[in-house]
Amino acid sequence: MVPVSVVIATVGPANRIAACLTSISHCNPRPAEIIVVDQSNDDAVHAVVAGFGPAGARLLTSPIRGKSPAVNLGMKEAAHEIVLLTDDDCSVDPNWVEAAWIHLSADPETIATGRVLPVGDAAGIASLVGLEEPRDYTGQIHDDVLFGCNMACPRSRVLALGGFDYRVQLVEDNDLCYRWLRAGQRLHYDPSLLVWHHAWRSPRELKRQFRGYARSQGIFYAKHLRRKDFGVVRFLVRDARRAARGIASRIVHGRREWPDARRALPYGIIVGLITGWRRFGPRGEPAETSLNRFG
């Protein structure tokens, strides 16, 4: 057992969080604690977490729906400085905890992220990464190199930065990635940090998810543009190019079984920019993160 906390947000179902907890309980060494932040109010989920009590699992309930407030609450209540994050539809490698512990013990001020590989049809999973060589993103500016389902971080530094922002729900890891690197913090990609993401969405559900991601990405851009931070303009240009390639692919190859995330970008980002421009304006929501809502 090593002194790290694992935080998982869940909305159920019970079998999904059970599979995730089973994989964590098989880690060698195991984490000192596993915090499951539940938003389902499902007795079956609560029973599953209680069953993993001997493995260090405990339950928190979040009164606010969304991954950002749930993860922020879990980090705030964590007993240890090193916090590992994964999603309830992921399974972790048996060496996951050890790899995170080694990395952050050597560099306690960094965020480390790693490989996300598919279980099932890879086309049915929105975000995967399989790079086999380490990367150091420190000193660079990115918004898409931090994977919230596979990361280890120093909780006090992440919370001091405001944690995950609930106002950019669905792309909160992109927003944190950008803010973290803009603040001059260290971010590493370590392929020894490995999780598997399970495919469970139908093509229709995945298409809806892509639309949500695109809209949230537009809100993320509006958030920073409202603050006169034009560093995100390069990402807008990138997404315009991706959208063009997606349209070209549809023309050449026709309709496919699984949706193409690139085709959701034009409309989604425009809607998100409009929504975000209002949200982050003078009469919009207060400039706070979900962390403060548990204050």
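The values are calculated or read from the model by the stated rules, or taken from the named source; none is laboratory data. Here the structure is a predicted model, which means the values were calculated and not measured. Here the Cβ positions follow ideal geometry from the backbone for every residue, glycine too, while neighbour counts run over all protein chains shown.
A few points about this structure:
- Flag if Tyr221 is touching a Ser or Thr at 6+ places or on another chain (Cβ under 6 Å), farther than 21 Å from Asp107 by Cβ and crowded, with 21+ Cβ neighbours inside 10 Å: no
- Taking the conditions (1) in contact with a Leu (Cβ under 8 Å, 6 or more places away or on another chain); (2) of a type in the set (A, V, I, L, M); (3) within 25 Å of Ile111 (Cα to Cα) in turn, Ala9 satisfies each one other than (1).
- Selection within segment 28-40 - of a type outside the set (Ser, Thr, Tyr) and touching a Gly at 6+ places or on another chain (Cβ under 9 Å): Arg30, Pro31, Ala32, Glu33, Ile34, Ile35, Val36, Val37, Asp38, Gln39
- Selection within segment 92-109 - crowded, with 22+ Cβ neighbours inside 10 Å and under 18 Å from the mean Cα position of the chain (by Cα): Val92, Trp96, Val97, Ala100
- Just one of the numbered conditions (1) modelled with pLDDT under 95; (2) more than 30 Å from Lys76 (Cα to Cα); (3) surrounded by fewer than 17 Cβ atoms within 10 Å (Cβ to Cβ) is not true of Asp260: (3).
- Applying the criterion of being among the hydroxyl-bearing types (Ser, Thr, Tyr) and buried (at least 18 other Cβ atoms within 10 Å of the Cβ) to the residues of segment 150-206, the residue that is nearest to Glu77 (Cα to Cα) is Tyr166.
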